[in-house]
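In what follows, a structure is listed as structure tokens, so that the remarks can point back to it.
Readers should treat all values here as calculations from the given coordinates under stated rules, not as data from a laboratory. What you see is a predicted model, and the numbers here were worked out from it, not measured in a lab. Every residue, glycine as well, gets a Cβ built from its backbone with ideal geometry; the counts of neighbours run over all protein chains shown.
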Amino acid sequence: MHIILKNNGYQIVDLGIKVAPERLLEAVREHQPDAIGLSGLLVKSAQMMVVTAEDLTAAGVRLPMLVGGAALSPRFTAKRISTAYDGPAFYAKDAMTGLALCNDYFSEKRDILLAKTRETQEFLRAETASAAPAGAAVKEAPRLRVEHETAPPTPPDLKLHALCDFAIDEIFGYINPIMLYGKHLGLRGGLEENLRQKNPKAIELHRRVLALQDEILEKKLITAKAVYKFFAADAEGDRMNLYESPKSAQALARFDFPRQSVGERLCLSDFVRPAGAGRDFAAMFVVTCGSGIRELSDRYRDAGEYLKSHALQSIAIEAAEGFAELLHERLRRMWGIGDPAGMTVRERFQGKYRGLRVSFGYPACPNLEDQTKLFALLEPEKHAGVRLTEGFMMEPEASVSALVFHHPQARYFSVGQASVAAAK
């Protein structure tokens, strides 16, 4: 959006990524802008927008705010961001939409835009609330019984492992094209279908992405690093405890997870053997493909190579996600619960394997502050060059952290929702 707005006569003050709310407030006071723009490529980034909106409101800021990025949706904007912000919050699905919103807001069309946005967001906020008639009885599903009779699989060791300069070409094989081309690069209809139909724009985009990937490999523009460790574990109600060894009496860290109030009433701690029944095991990791990417992307942008600038960041982010998928696959194999022979990458994207990896800030473990415990245990700043910001976000952005469970019944779910997602 920076490029599109600048090329259409708007003056842009770019504060970069992982900007804390207080830094944004300082910039608002210093530059006196007419509007604010926030972008979120990751789910954690979207959640930080809510915090930023609350802080801006508390500081008395009422400027129009444009929000967008791969992690955002109109519903999230309406339900979470617009309700936390006293000024108008507009969802921009892409840069051209952002330009249109700015043009309308700063013209005689402002009142029409505000009225339309208000009506749309009120509808989206009411949509979930009206899903069931007021006072209607909610049919409860039986609480899911998670079995722990079978002895848990044992990992090869409980040592800290660091991977440096992992093979990028192997990671590229785990990049999800739906996310890269659809979410980040704006291609509609799926890459394979567009190429099959010989869509010239898709063909050219695909060619340029492949050329950039070749350049990344040739010039080693992306460096992949990771740190991981298996831990002994047990559960006490909704709490999971991690230990240095199965015989340790003192826990290294404790994580309190929320439980669903309806439906199957799941909690992540359910997937760990209860205390007193013998120790279980869990794993944690951090991967990154983001070192130096932001600076290189900015150089491409300043040189007028706008697509290359955006594509580089997109590839790095999806490479980190692919690296997380690849490392999780290796952890399962090390754990003795490897994937069935012949499982495809597509099936791995769909989670058709045993076990589960979740990241803090996601629906089943929404507390981002738990990142501090993970970082204290793995020291990714020391081993992989990944640090936490004041808002518990990871820097560089193309990084993924995860908590890994082995239990065959482990699945994704959202706290506060009656239904459990079908995909793992």
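Key figures
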| read-out | value |
| --- | --- |
| Positive-end residue of Q409, L368, M343, charge dipole of segment 326-418 with Cβ unit charges | M343 |
| Unit charges on C-beta of K, R, D, E only; dipole of the chain, Debye | 840 debye |
| Simple spin-label estimate for E236 and E108 in nanometres, 7 Å along Cα-Cβ | 6.9 nm |
| Length-normalised contact order of the chain in % [C-alpha pairs under 8 Å, at least 6 apart] | 16 percent |
| Aspartates and glutamates whose Cα lies under 15 Å from that of K225, excluding same-chain neighbours fewer than 8 positions away | D165, D169, E170, E318, E321, E325, E379, E381, E395, E397 |
| Mean Cβ count within 10 Å, highest first, over the residues of peptides 403-412, 197-206 | 403-412, 197-206 |
| Sequence-separation-based contact order of segment 168-262, relative, with Cα cut under 8 Å and 6+ spacing, percent | 15 percent |
| Sequence ranges 394-400, 295-301, 56-62, 89-95, ranked by mean other-Cβ count within 10 angstrom, highest first | 394-400, 89-95, 295-301, 56-62 |
| Residues of type aspartates and glutamates that K109 reaches as a straight line, Cα spacing below 17 Å, ignoring anything fewer than 8 places off in the same chain | D34, E119 |
| Spatially proximal aspartates and glutamates relative to K159 (Cα-Cα < 12 Å; intrachain offsets below 8 disregarded) | E244 |
| Antiparallel %, DSSP beta bridges [both residues in the chain], to 5 | 80 percent |
| Given K219/K373; K93/K220; K229/K352; K220/K308, the pairs whose alpha carbons are separated by over 27 Å | K219/K373; K93/K220 |
| Length added when fully stretched, T150-Q409, from 0.36 nm per residue minus Cα-Cα | 92.0 nm |
| Euclidean distance of C-alpha centroids, segment 249-324 and segment 180-247, integer Å | 11 Å |
| Computed log₁₀ I(q)/I(0) - Debye formula, equal Cα scatterers, no solvent, the chain, q 0.12 Å⁻¹ | -1.12 |
| Segment 29-126: GluC sites (Glu not before Pro) in DSSP loop, at most 16 other beta carbons within 10 Å | E108 |
| Listed residues N194, M179, P246: farthest to the positive end of the dipole of segment 145-264 (Cβ charges) | N194 |
| Values of log10 I(q)/I(0), in the order q = 0.13 Å⁻¹, for segment 188-338 under a Debye, Cα-only, solvent-free model | -0.81 |
| Alpha-carbon Rg with Dmax, taken over segment 225-267, Å | 13.3, 40 |
| Kirkwood hydrodynamic radius over Cα pairs of segment 63-117, then Stokes diffusion coefficient at 25 °C and 0.890 mPa s, in µm²/s | 215 µm²/s |
| 222 nm mean residue ellipticity, helices alone, for the chain (DSSP H n ≥ 4; -39,500 (n - 2.57); rounded to 500) | -11000 deg cm²/dmol |
